[in-house]
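Heads up: the structure comes next, in structure tokens.
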Amino acid sequence: MERKALQPESNGSFHISRRTVLAAPAALMLPHLAMGQSQKPPKGQKGQIVVGFSQEPTVFNPLMPRIETDQGVWFALFNPLWRADPDGTLVPELAAEVPTLDNGGISADGLTWKIKLRKGVKWHDGKEFTAEDVKYTLELINNPNFKAYTRQGHGLVKDIAVSSPHDISWTMSKAYAPYLALLAWTFIVPKHVLSTAADPNTAPFNSAPIGTGPFKWGKRVAGQGVTVEANKDYFGDGPYVERVIFNYIPDSNNLYTQFKTGQIDYIGYYGIGAQYVKEASALRDRKVEKVKFSQVEGIALNMGKPIFQDKAVRRAMYAGMNKKAMIDAVYYGLPTETESVTPRSSWAFNPDLPKQSYDLGLGNKLLDEAGWVRGPDGVRAKAGQRLEFTVATVSGNAQREQVLQLLQQDWMKLGIAMQIKTMPAAVVYGDFYTKSQFDCLLLSTTYGTGSDPDVTQRFSSGAIPVQGGSGQNFYQYKNAEVDRLLGVAQASFRRAERKDAYAKIQALIREDLVILPLCQPQPVEGSKAKLMGYRSNPNVSCNTWNIGTWYWAA
């Protein structure tokens with residue numbers, strides 16, 4: 001059969017390429033080529049894979065707010081309508097083909113969408129997957145009583161119609177180009193399970209999910225990890241192992257040690273600490289790789305806090321960041337300095353943003369001029385408010401703690417008293433983050449929408465959860481011109497027009513300094529030499545996106 005894949009053109013439109021594979025019509029051909037792969041995967045399932053994560057997966061309803069490692073588990077359990085491959089190509093999963101203007105799936109004005117679904121797909125409990133599940137998923141996301149990960153884009157969907165078990169259509173209230181990429185991150189959930197729950201926010205499904213993916217739910221041990229078991233009735237290619245164990249190892253040194261000694265088979269999500277990369281590269285029977293990555297690391301400020309509403313404070317803080325020293329001394333020179341929240345690999349990246357200079361003199365001058373006066377202890381104050389706050393980060397990450405220690409020293413030279421707070425990932429990314437309870441956070445985040453550079457869910461004034469919005473603008477950032485430009489970029493299917501809008505958005509975010517960008521990280525991940533199928537993908541949050549096709553070489 002021929003599989004149709006959607007690929008981006010340089011002008012922002014899309015074309016359909018044909019990928020020929022030898023398989024039964026119902027089978028989904030997922031890639032299983034890996035570095036050094038030289039043989040075919042086994043028949044059936046053999047062995048298990050132990051994945052090591054430094055952050056604990058805790059959210060298993062794939063429509064709810066999550067962290068990156070949660071998504072890594074979701075890819076094992078669920079499917080979106082289509083996925084984004086490492087090169088940005090959109091490949092159908094639950095859909096029979098990706099809708100485009102050319103194949104009639106999307107109308108010329110971008111408002112009418114028609115999706116043909118794959119036949120023969122079953123949920124893990126044996127029930128048939130149908131268009132009703134897709135309709136329910138989109139309606140649940142838009143239910144104001146449901147704690148959705150984001151409603152950006154989804155909120156434009158209306159008049160959903162199911163014309164047959166495998167045909168669904170809807171209209172958009174306005175054209176929204178990023179929706180194709182957003183749907184590649186939107187996992188479909190079972191209507192017959194969740195619709196019967198009294199409250200989908202607290203449904204039993206959320207702790208024992210049922211999906212369509214290559215693995216079925218096994219068990220979770222809080223503080224340790226998650227086990228998933230092979231779905232032998234999977235409609236696609238694989239799975240090739242009996243189970244996957246996602247182990248939570250919060251200490252980065254212990255995580256590497258377990259990779260080195262062979263207790264874990266793949267070290268993922270931030271992988272190998274920079275200080276161990278040279279040693280890891282020389283280990284026998286291991287594969288080590290610099291991964292494709294779209295995240296940006298920096299200090300996120302909570303603009304709901306009065307202290308950060310003074311732009312002079314934000315500018316002084318940024319002037320007091322010795323980026324080069326932190327990258328060279330703490331990260332062994334692996335990352336790249338950046339000024340943008342958009343990764344360098346994106347077609348929308350703006351290379352012309354002003355470059356930050358480490359300048360304590362400038363920082364002190366800015367604060368002096370803004371009326372922040374040093375007290376007897378050297379800490380500045382203004383109108384009775386001390387220039388003092390906390391920067392939090394995930395515990396167990398020695399490099400980030402070192403970064404904060406360097407910042408603490410330099411900012412004190414500016415009269416800024418910064419306290420360091422470390423907490424488990426599940427705590428940091430719980431209410432502390434999602435309900436904007438933090439002062440500042442040192443974190444690494446993908447700000448775009450999958451393979452699309454749209455940052456609406458992160459920086460739109462309508463995406464602030466604690467102010468009644470839906471999205472991930474936990475920084476409580478508001479800029480009317482950013483809102484306007486986001487609308488321009490969303491409505492256009494022309495890449496040149498979108499690129500211009502996103503360049504201006506990056507410039508405004510850089511000027512406002514709601515994020516103090518540090519670098520574009522360069523993670524290094526590793527696996528045992530005989531583990532095949534791994535492919536790093538900058539369009540997902542976690543590189544277990546295709547773990548259903550991983551296997552052990554003989």
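Each reported figure results from applying straightforward, stated rules to the coordinates on display, with no laboratory input. Nothing here was measured: the structure is a model prediction, and the numbers come from that model. All Cβ positions, even for glycine, are placed from backbone atoms using ideal geometry, and neighbour counts span all protein chains on display.
Based on DSSP, what percent of beta bridges with both residues in the chain are antiparallel, to the nearest 5? Numbers along the way, then the final one.
On the way: 62 of 80 bridges.
Percent antiparallel among DSSP bridges in the chain is about 80.
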* Structure fact -> Taking placed amide H atoms and a strict 5 Å upper bound, the residues 5 or more places from CYS440 or on another chain that come that close are THR390, ALA392
* Helix 252-261 vs. the chain, principal-axis angle (Cα, 0 to 90°, nearest 10) -> 40
* Structure fact -> The answer for GLU56, listing residues at least 5 apart or on another chain whose modeled amide H is closer than 5 Å to its amide H, is ALA425, ALA426
* Determine ³J(HN,Hα), in whole Hz, for all residues of region 531-546 in sequence, where each value follows from phi through the Karplus function 6.51 cos²θ - 1.76 cosθ + 1.60 and θ = phi - 60°; x replaces Gly and Pro. => 8, 10, x, 5, 9, 6, 9, x, 9, 10, 8, 8, 7, 8, 4, 10
* Share of pairwise Cα separations in the chain, more than 34 Å, in percent -> 39
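What dipole magnitude, in Debye to the nearest 20, does the chain give about its Cα centre under +1 on Lys/Arg Cβ and -1 on Asp/Glu Cβ?
Here the size comes out at about 580 debye.
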* Straight-distance crosslink candidates among aspartates and glutamates, where the alpha carbon sits under 14 Å from LYS135 and sequence neighbours closer than 8 are dropped -> ASP159, ASP167
* To do: Sequence neighbours fewer than 8 away in the same chain don't count; with that in mind, list the aspartates and glutamates whose C-alpha is under 20 Å from LYS323.
  => GLU297, GLU337, GLU339, ASP352, ASP359, GLU401, ASP410, GLU511, ASP512
* To the nearest 20 debye, what charge dipole does region 306-372 have about its Cα centre, counting +1 at the Cβ of each Lys and Arg and -1 at the Cβ of each Asp and Glu? -> 100
* Asked: When the scattering of region 223-267 is computed by the Debye formula from its Cα atoms alone, each counted once and equally, what is log10 I(q)/I(0) at q = 0.24, 0.29, 0.33 Å⁻¹?
  -> -0.86, -1.03, -1.18
* To do: Can you grab the distance from the C-alpha centre of region 144-160 to the C-alpha centre of region 381-411, Å, no decimals?
  => 36
* So, in nm, how far is label LYS158 from label GLU497 when the simple model puts each one 7 Å beyond its Cα toward the Cβ? -> 2.1
* Structure fact -> Cα extents of region 265-345 along the principal axes, largest first, in whole Å, come to 54, 22, 22
* Asked: Taking the Cα-to-Cβ direction at SER281 and at LEU101 and moving 7 Å from each Cα, how far apart do the two end points lie in nm?
  -> 4.5
* Structure fact -> The helix 398-412 Cα axis meets the longest alpha-carbon principal axis of the chain at an angle in degrees, between 0 and 90 and rounded to 10, of 30
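A 22 angstrom limit on the alpha carbon distance is what I want to check against. Which of LYS43/LYS191; LYS290/LYS528; LYS219/LYS530; LYS324/LYS435; LYS311/LYS382; LYS147/LYS435 exceed it? Don't skip to the answer; put the middle values down first.
On the way: LYS43/LYS191 32 Å; LYS290/LYS528 15 Å; LYS219/LYS530 26 Å; LYS324/LYS435 32 Å; LYS311/LYS382 14 Å; LYS147/LYS435 12 Å.
As for pairs spanning more than 22 Å Cα to Cα, those are LYS43/LYS191; LYS219/LYS530; LYS324/LYS435.
Report the far tail of the P(r) of region 397-554, meaning the percent of Cα-Cα pairs longer than 23 Å. Working shown, then result.
On the way: 6680 of 12403 pairs.
When all Cα pairs of region 397-554 are counted, 54 percent exceed 23 Å.
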* Would you work out which of GLY88, ASN537, ALA282 lies farthest towards the positive end of the dipole of the chain, given +1 charges on the beta-carbon of Lys and Arg and -1 on that of Asp and Glu, about the Cα centre? => ALA282
* Asked: Cross-link partners among aspartates and glutamates for LYS127, C-alpha distance below 15 Å, same-chain residues fewer than 8 apart left out?
  -> ASP233
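Quick check: residue separation of VAL488 and ALA381 times 0.36 nm, minus the Cα distance between them. What number comes out in nm? Provide the component values of the computation, followed by the final result.
On the way: separation 107, 0.36 × 107 = 38.52 nm, distance 4.12 nm.
Gain on stretching VAL488 to ALA381: 34.4 nm.
Tell me what the chain gives for mean residue ellipticity at 222 nm when only DSSP H runs of n ≥ 4 count, each as -39,500 (n - 2.57), the sum divided by the residue total, rounded to 500 deg cm²/dmol. Walk me through the intermediate numbers first.
Working: 12 runs with 113 residues, N = 554.
After summing the helix terms and dividing by residue count, I get -6000 deg cm²/dmol.
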* To do: Identify, among VAL162, PHE53, PRO178, the residue whose Cα sits farthest towards the positive end of the charge dipole of the chain, taking +1 on the Cβ of Lys and Arg and -1 on the Cβ of Asp and Glu, with the dipole about the Cα centre.
  => PHE53
* Normalise the Cα radius of gyration of region 296-520 by 2.2 N^0.38 Å (N = residues in it) and let me know the number. => 1.00
* Length-normalised contact order of region 296-520 in % [C-alpha pairs under 8 Å, at least 6 apart] -> 31
* To do: May I ask which residue of MET303, PHE246, GLY471 lies farthest towards the positive end of the charge dipole of the chain, with charges of +1 (Lys, Arg) and -1 (Asp, Glu) on Cβ and the Cα centre as origin?
  => PHE246
* Structure fact -> antiparallel share of DSSP beta bridges within region 296-520, to nearest 5, in %, is 65
* Asked: Is the shape of region 308-430 rounded, prolate or oblate, going by the alpha carbon gyration tensor and its root eigenvalues a ≥ b ≥ c, with a/c under 1.5 for rounded and a/b larger than b/c for prolate?
  -> oblate
* **Per-residue HN-Hα couplings for region 92-103 [Karplus 6.51, -1.76, 1.60; θ = phi - 60°; Hz; x = Gly/Pro]** => x, 10, 6, 7, 6, 7, 7, x, 9, 5, 5, 8
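So how strong a dipole does region 296-520 carry about its Cα centre when Lys and Arg Cβ are +1 and Asp and Glu Cβ are -1, to the nearest 20 debye? Intermediate results must be reported in sequence, preceding the final value.
Numbers: 26 positive and 23 negative charges, 32 e Å.
Magnitude of the dipole: close to 160 debye.
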* Structure fact -> In whole Å, largest first, the alpha carbons of region 32-159 cover along the principal axes 47, 36, 32
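Between LYS365 and LYS114, what is 0.36 nm times their sequence separation minus the Cα-Cα distance? Round to one decimal in nm.
Details: separation 251, 0.36 × 251 = 90.36 nm, distance 5.84 nm.
Contour length minus Cα-Cα distance gives 84.5 nm.
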* Asked: Taking θ as phi - 60°, what are the ³J(HN,Hα) couplings along region 479-496 by the Karplus curve (6.51, -1.76, 1.60), each to the nearest whole Hz, with x for Gly and Pro?
  -> 8, 4, 6, 4, 4, 5, 5, 4, x, 4, 5, 5, 7, 9, 9, 9, 4, 4
